[in-house]
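Structure first, then comments.
No lab work stands behind these numbers, since they all come straight from the coordinates. The structure displayed is predicted, hence computed values, not measured ones. Neighbour counts are summed over all protein chains in view; Cβ atoms, including those assigned to glycine, are modelled from backbone coordinates with ideal geometry.
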Amino acid sequence: MLNEIVEIFKKSKSCVILTGAGISAESGVPTFRGKEGLWGKFKPEELATMDAFVANSKIVWEWYNWRRDLMNKVEPNTGHYAITDLESLCPDFTLVTQNVDGLHSMAKTKNILELHGNIYRNKCCDCSRIIEDNIEINPDNIPKCQYCGGKIRPDVVWFGELLNPQIINSAFVKSEKADLFFSIGTSGIIHPAASLPAIAKRNGAVFIEINTEETPLTYIADYHIESKSGEYLPKLVDLLTKERHSFKTKLLY
Ligand code: BV8
Ligand code: ZN
């Protein structure tokens, strides 16, 4: 199957990759579902909604500070770096991520659409202005917005909240145009992110799923690769670069 995917990738003119928490699992970032998942310990409706923030902003900030500290200690893994390599091997490449951990940027991937925001950014919950300086938030004394006095919150998309229109529309357009679509390390449950693979397939793209288990997306996948992304993606890049190198070598001689 790897050789088939190498051939498909080599022909691709426009590739989109959708990632979820699974791509960061090998870096030590807990996923959401699964036995060790965040939602096993914490209730999303009590921590990742505006109602929760209004009801108890202290506990919400304690949770985001805990995740920030955890994410601050980890590095991108071989899966993140392989995606950066794939970006350099495809003429039109877009990475659409649900992750707020910033690890794809740390791995120097360029064309990234952060669908659900970024945990390191702060914004005002009233006027939505981004708060420039990367301030440490004390949950017992949450700073106020210098423009409107609103409470500062993490710049992530909470459940029931609309995604940034520019970002989600770019993700839709790129998915419609793609001839190759990967979903990597996502359970494919959260919308509208989970609807992107079907949009790509409907427009003729080859859809490849890489996940350590089956998901609701598996039945529409042309290829379901049951593997850890940090193990499989470097192998794909390896074969692609070997091919390219031997091709160049042939050209030389
Ligand atoms: C919205 C930021 C308008 C915050 C997050 C249509 C139908 C039904 C419901 C809805 C719908 N449209 C909207 C909704 C409501 C809701 C939704 O989708 N609910 C679900 C429960 C059905 N969507 C919303 O609220 C969205 N807003 O639509 O607004 C609206 C509003 C109301 C009603 C209608 C319309 C906003 C959603 C964004 C929420 N914010 N994150 C934060 O992080 O704190 S979501 C968060 O959870 C993540 O960002 C991510 O999106 C999701 C977790 O999913 P994954 O990343 O996939 O992680 P998971 O743990 O689930 O899976 C990991 C996978 O990796 C597993 O499959 C595992 O097997 C695999 N894996 C593990 N290790 C590896 C691996 N794979 C490969 N290699 C490995 N090593
Ligand atoms: Zn404000």
Checklist outcome for this item: Treating only Lys and Arg (+1) and Asp and Glu (-1) as charged, each at its beta carbon, one finds that region 1-129 has a dipole about its Cα centre, in Debye to the nearest 20, of 180
Next on the checklist: Considering all alpha-carbon pairs of region 17-146, what whole percent are spaced by more than 24 angstrom?
Outcome noted: 35
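So what is the relative contact order for the chain, in percent, with contacts set as C-alpha pairs under 8 Å and at least six apart?
On the way: 419 pairs, mean separation 57.3, N = 253.
Over the chain, the number comes to 23 percent.
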Checklist entry - Can you give the % of DSSP beta bridges in region 131-253 that are antiparallel, to the nearest 5? => result 10
Next on the checklist: Could you work out the pair-distance distribution P(r) of the chain from its alpha-carbon pairs, with 10 angstrom bin width and percents rounded to whole numbers?
Outcome noted: 7, 30, 33, 19, 8, 2, 0, 0
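For 182, 93, 159, which order do you get if you count the other beta carbons within 10 Å of each Cβ and list the fewest first?
Values: 182 29, 93 22, 159 13.
Ordered from fewest to most neighbouring Cβ atoms within 10 Å, 182, 93, 159 come out as 159, 93, 182.
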Next on the checklist: I want to verify a result. In a Gaussian network model of the chain, Cα cutoff 10 Å, which of these has the top mean-square fluctuation: 100, 74, 157?
Outcome noted: 74
Checklist entry - To the nearest Å, what is the center-to-center distance of region 6-33 and region 109-172, using C-alpha atoms only? => result 24
Item to check | Summed side-chain charge close to residue 148 - residues other than residue 148 whose Cβ falls under 14 Å, Lys, Arg +1, Asp, Glu -1 | outcome: +4
Checklist entry - For region 11-159, what is the percent of antiparallel DSSP beta bridges, rounded to the nearest 5? => result 45
Item to check | Spin-label proximity, residue 223 to region 1-27 - amide N less than 20 Å from point 7 Å beyond Cα toward beta carbon | outcome: 1-20, 22-23
Checklist entry - Cross-link partners among lysines for residue 41, C-alpha distance below 22 Å, same-chain residues fewer than 8 apart left out? => result 58, 73
Next on the checklist: Nothing charged except the Cβ atoms of Lys and Arg (+1) and of Asp and Glu (-1): what's the magnitude of the dipole of the chain about its Cα centre? Round to the nearest 20 debye.
Outcome noted: 500
Checklist outcome for this item: Taking every other residue with Cβ under 15 Å from the Cβ of residue 220 and scoring Lys and Arg +1, Asp and Glu -1, one gets -1
Checklist entry - GNM on the chain, C-alpha springs below 10 Å: top fluctuator among 141, 118, 211? => result 141
Checklist entry - If you add up the charges near residue 125, with Lys and Arg at +1 and Asp and Glu at -1, over every other residue whose beta carbon is less than 11 angstrom from its beta carbon, what do you get? => result +2
